[in-house]
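Step one of this worksheet: look at the structure below.
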Amino acid sequence: HIDIATSLSNIGNIKYGQGNYDLALDLYQQVLTMQRKYHLGDHLDNVCILNNIGYIFSRGKRLYEDALEHHRRALTMLETHYPTYSGHLAINLNYIGDNLNKQRKFHEALVYYQQALSMQRTYYTSDNVNIAHTLSNIGNILSNQKKNDDALDYHRRAMSIYETYHSSDHISYAT
């Protein structure tokens, strides 16, 4: 039943948080199998679980190609069945950019981050913290490419948005 899948997903989230990536991955794969039985194959819940699996491969196991495969599958589902969900699309684009960045594929990562930023600008107000995160991601890529003046510009723009939302002692302010 779909409620069991939801419970397994919640347990998977806890296990991920505890660093038990293998168990979390197993649980998420069970959830995906169950959800495909009860939902159409491209249901938004499946997108979420694919991203969770991708996140484990990226953050927990450092298997970036496996992470990219899952994030790209989720992105394809979103583009095909939820093209107006710009916020979700931008998140997926950032996930892909993050994995490419970790593989030092800076040019490719930059393309995904710029696509995310473009979508975010049409979806959010100009001072939304999600835009700041993407600006910061772009700044990091530009810094890695030794384009320091451009990188500083992006980081300053991100900081300006962060200052709108956070006090000076918030963790995002220091990054």
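The values are calculated or read from the model by the stated rules, or taken from the named source; none is laboratory data. Just so we're clear, the structure is a prediction, and the values are computed from it rather than from any experiment. All Cβ positions, even for glycine, are placed from backbone atoms using ideal geometry, and neighbour counts span all protein chains on display. Calculation scope for accessible area: heavy atoms of the full protein, side chains included, ligands and nucleic acids excluded. Shrake-Rupley method; radii C 1.70, N 1.55, O 1.52, S 1.80 Å.
Once both labels are positioned 7 Å from their Cα atoms along Cα-to-Cβ, the gap between Ile14 and Glu65 label points is 3.6 nm. A straight chain from Lys37 to Tyr82 at 0.36 nm per residue would run longer than the Cα-Cα distance by 14.2 nm. At a probe radius of 1.4 angstrom, the accessible area of the stretch 75-160 per residue rounds to 52 square angstrom. Of the trypsin sites (Lys or Arg not before Pro) found in the stretch 86-136, those in coil by DSSP whose Cβ has at most 13 other Cβ atoms within 10 Å are Arg104.
Taken along the Cα-to-beta-carbon direction at a fixed 7 Å, the label points for Glu163 and Lys146 span 3.1 nm. Building the convex hull from the alpha-carbon atoms of the stretch 1-52 and averaging its projection over directions returns 3.0 nm².
Listed cross-link partners Lys37/Lys102; Lys37/Lys61; Lys15/Lys146; Lys15/Lys102 are compared with a 30 Å cut-off, the Cα-Cα value being larger for Lys37/Lys102; Lys15/Lys146. In this simple spin-label model, placing a label point 7 Å from the Cα along the Cα-to-Cβ direction at both Leu23 and Gln114 gives a separation of 4.5 nm.
Placing a label point 7 Å from the Cα of Leu44 along the Cα-to-Cβ direction, the residues of the stretch 53-78 with a backbone N closer than 17 Å are 74-78. According to the Cα-based calculation, Rg over Rh for the chain is 1.00, with Rh computed by the Kirkwood formula. Return the carbon/sulfur percentage of the accessible area of the chain, one whole number, probe 1.4 Å, all protein chains in place. Ligands and nucleic acids excluded, carbon and sulfur reach 50 percent.
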